[in-house]
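Here's the structure we're looking at; comments come further down.
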Amino acid sequence: MVCSKNIIWGVILFLCILGVPIIAQDYKDALGKAILFFEGQRSGKLPVSQRVKWRGDSALIDGKIEHVNLIGGYYDAGDNVKFVWPMAFSLTLLSWAAIEYPTEISSGNQLVHLQRAIRWGTNFLMRAHTSSTTLYTQVGDGNADHQCWERPEDMDTPRTLYKITSTSPGSEVAAEVAAAFAAASIVFKKTDSNYSTKLLRRSKSLFAFADKYRGSYQASCPFYCSYSGYQDELLWAAAWLYKAGGGNNYLNYASNNQGWSQVASEFSWDNKFAGAQTLLAKEFLNGKSNLEKFKTDADSFICSLMPGSSSIQIKTTPGGLLYIRDSSNMQYVTGATMVLFMYSKVLEAAGNGGVTCGSVNFSTSKIKDFAKSQMSYMVGFGNKYPTQLHHRASSLPSIYNHPARVGCNDGYSSWYNSNNPNPNIHVGAIVGGPNSGDQFVDSRSDYSHSEPTTYMNAAFVGSVAALINGQSREGEHSGQINSQFNTPILCDEQISSKNISQ
């Protein structure tokens, strides 16, 4: 087997292992590690079931300054701040994966772990939703936090609280939390009906809040700024509320406001249009003829990504990786890939063969092949992977191995500036990925390319779960170069010095 010179580490989707095509167990292994990552991002009092043993309890007084309990939840990336907007998006994606691929996830014995990951987040979000018109949206001062390199177990930076109210609204974050609650209510409907009911009730409350008191959320800038506005989140939340059994009024809401729908070429924590369009296109294909615009816009999303499309908007790297922007590009890759798989599933369920982009027709098989060709830089998968994550907890010694406190500036000299691998392997973490030329420098200081995030992993969970089912049918193609898309086979054992620097 001849392997391309465009090679990365920790490859999941096309993999050479001594010349053997990727097997089902590899996808299941990748799925399990992607879910395990969330345990390394936990904030609060860790449970006895905690599997990531180098982490300890942290941020146990969050919310105390305003007499509320904001303990728990997730740190969004390599820092020690809890941003509710991207956290909620991550939970919505995890729930979407659990809803669409329960058999596949169960086959890898991961459904219980996935449900625990979702519940850890939704429990925190319920605590953050303190009244019908109050939602805490951030815990921690991002600027102060980023001046320090310290473990979450040691952090002494201000745990500043941010919130939205009727007089200081933020429709994007309120609607995203509503979507997360609605999606999670479906996940737990059969296993914990009382919890599911509570989630759906809170989802309705937050949606009403987001819609009645409309205003763009900017409190988490410059870290998470709203560029697409809040209309995408309102459509996304309405679609999830309808799917969760909230009532026909939510579908009517989407129909009445379908003029908001825009053709998108990314699916991210900021821009949810492609996700909402995928959910609502399913309803159109099921007979809701007044939702045609969502189907048209969903098709356009596919056309904006597929190589060979006359309306392609997104370029690929020489190695075939979708490349939207340099900062944490893998978040857009995993987000796009998840939608490509989800929309293909919608089309196939409706007996629809594919998407036509100008004079070119892309079958669902071709769409899935392209999605499957996308690359992933996952820590702890295979023998070669990024070792210098831009991640405070991973890069500093575990509190159990180094009990002495590591202060705000102490972490820089001994660990941040070190060329040694991180002392704690953050298994399952997906980093920001290579630049436009497939170059990846394994450097802790290069946060744009070496920092993991919850939403990158959450989207990957939905993507890799899609590959577990039908593995035996498609496995014969996994070890072949897809000539139509010029996608290289990627080999774990061969590392190109041209593409990887240490």
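Stretched out straight at 0.36 nm per residue, the stretch from Glu66 to Ser359 would grow longer than its current Cα-Cα span by 99.5 nm.
Rounded to the nearest 500 deg cm²/dmol, what is the calculated helix-only ellipticity per residue at 222 nm for the chain, with -39500 (n - 2.57) per DSSP H run of length n ≥ 4?
Values: 17 runs with 208 residues, N = 502.
Calculated mean residue ellipticity at 222 nm is -13000 deg cm²/dmol.
Protection proxy ranking, highest mean first, for peptides 127-136, 170-179, 415-424: 170-179, 127-136, 415-424, where packing is the per-residue count of other beta-carbon atoms within 10 Å, averaged.
Which of the peptides 328-337, 452-461 is most tightly packed, and how do the rest follow, going by the mean number of other Cβ atoms within 10 Å of each residue? Before the final figure, lay out the partial values.
Working: 328-337: 26.9, 452-461: 29.1.
By packing density, highest mean first, the sequence is 452-461, 328-337.
Inter-part distance, the stretch 357-428 to the stretch 171-190, computed on C-alpha centroids, equals 28 Å.
Name the shape class, rounded, prolate or oblate, that the alpha-carbon gyration tensor gives for the stretch 152-279, where a ≥ b ≥ c are the square roots of its eigenvalues, rounded holds for a/c under 1.5, and otherwise prolate holds if a/b is larger than b/c and oblate otherwise. The shape class here is oblate.
Extent along the principal axes, Cα only, for the stretch 320-426: 63, 26, 26 Å, with the longest axis given first.
Return the subset of Lys28/Lys368; Lys45/Lys198; Lys293/Lys366 for which the Cα-Cα distance in this structure is over 21 Å, preserving the input order. Please list the in-between numbers first.
Working: Lys28/Lys368 18 Å; Lys45/Lys198 23 Å; Lys293/Lys366 24 Å.
Over 21 Å apart, Cα to Cα: Lys45/Lys198; Lys293/Lys366.
Based on the Kirkwood radius over alpha-carbon pairs, what is the Stokes-Einstein translational diffusion coefficient of the stretch 185-247 at 37 °C with 0.692 mPa s viscosity, in µm²/s? Estimated diffusion coefficient is 252 µm²/s. Near Ser131: Cβ cut-off under 13 Å, other residues only, Lys/Arg at +1 and Asp/Glu at -1. The net charge is +2.
Of the residues Lys384, Lys368, the one with the largest accessible area comes first in the ranking Lys384, Lys368, computed with a 1.4 Å probe on protein heavy atoms.
Counting only protein heavy atoms and using a 1.4 Å probe, the accessible area of Trp236 comes to about 0 Å².
Only bridges with both residues in the chain count here: give the DSSP antiparallel percent, nearest 5. Working shown, then result.
On the way: 18 of 21 bridges.
Percentage antiparallel, nearest 5: 85.
Order of 238-244, 256-262, 116-122, 214-220 by packing, highest average Cβ count within 10 Å first? Don't jump to the answer; show the numbers that get you there.
Working: 238-244: 26.3, 256-262: 15.0, 116-122: 23.1, 214-220: 17.6.
In decreasing order of mean packing, 238-244, 256-262, 116-122, 214-220 become 238-244, 116-122, 214-220, 256-262.
With one equal scatterer per alpha carbon and no solvent term, the Debye-computed log10 I(q)/I(0) for the chain at 0.07, 0.14 1/Å reads -0.34, -1.46.
Extension gain, His146 to Asn290, is 47.1 nm, computed as 0.36 nm per intervening residue step minus the present C-alpha separation.
For every other residue with a beta carbon closer than 14 angstrom to the beta carbon of Lys295, add +1 if it is Lys or Arg and -1 if Asp or Glu, then tell me the sum. Don't skip to the end; give the middle numbers.
Numbers: positive: Lys282, Lys288, Lys293; negative: Glu283, Glu292, Asp297, Asp299.
Net of charged neighbours comes to -1.
With one equal scatterer per alpha carbon and no solvent term, the Debye-computed log10 I(q)/I(0) for the stretch 34-123 at 0.12, 0.13 1/Å reads -0.38, -0.44.
How much accessible area per residue does the chain have, counting only protein heavy atoms and a probe of 1.4 Å, in square angstrom?
Values: 18100 Å² over 502 residues.
Heavy-atom accessible area per residue stands at 36 Å².
The values are calculated or read from the model by the stated rules, or taken from the named source; none is laboratory data. Here the structure is a predicted model, which is why all the values come from computation and not from measurement. Note that each Cβ is placed from the backbone with ideal geometry, even for glycine, and that neighbours are counted across all protein chains shown. Protein only, heavy atoms only, side chains kept; ligands, DNA and RNA dropped before computing areas. Shrake-Rupley method; radii C 1.70, N 1.55, O 1.52, S 1.80 Å.
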